[in-house]
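The values are calculated or read from the model by the stated rules, or taken from the named source; none is laboratory data. Everything quoted here is computed from the prediction, not taken from an experiment. Backbone-built Cβ (ideal geometry, glycine too); neighbour counts: all protein chains shown. To get the accessible areas, we keep the full protein, side chains included, count just its heavy atoms, and leave off ligands, DNA and RNA. Shrake-Rupley method; radii C 1.70, N 1.55, O 1.52, S 1.80 Å.
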Amino acid sequence: MKLNGKKGMPRWLGLGLLLGAGLGSVAWAQGSARFDGQYVGELTLTNVISGDCTTPPRGALYPLTISGGVVRFKYVPRFDTTLIGTIDANGNFKATRRLRRGSVSMTGKIRGNNLIATIVSPSCNYAFQTKN
């Protein structure tokens, strides 16, 4: 067995691990890319924790975009910020954004063309669901 340098793992093992890691990330990217697109849905205020929470206007639609496995959601009603995260091969995702006081997180799932998610912030909670 030939070693890479004086100490370390066999050269073939190191190359195998490197190749395996590369293929694993390609498989993950392909699996999550199948959800790429724009999902338009409604926000509903579900809980006021503290402070001033904005109820989204009736009928207002908000886009959530997924590209290359990256989730982006512009969180307009309260903080006017963009939540960014990732989606896995099963359609589960989480997008977050740090704020001055805490953070906002969106956790959700895609099944077919339907997307449902919850948004939790230090002051308000919302539900997001695609509009069919």
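Just a few scattered comments:
- Spatially, the stretch 79-119 and the stretch 42-68 are offset by 12 Å when compared through their Cα centroids.
- Rounded percent of accessible protein surface that carbon and sulfur make up, the stretch 42-132, 1.4 Å probe: 47 percent
- Taking label positions 7 Å along the Cα-Cβ direction at both ARG100 and LYS74, the computed distance is 2.3 nm, reported to one decimal.
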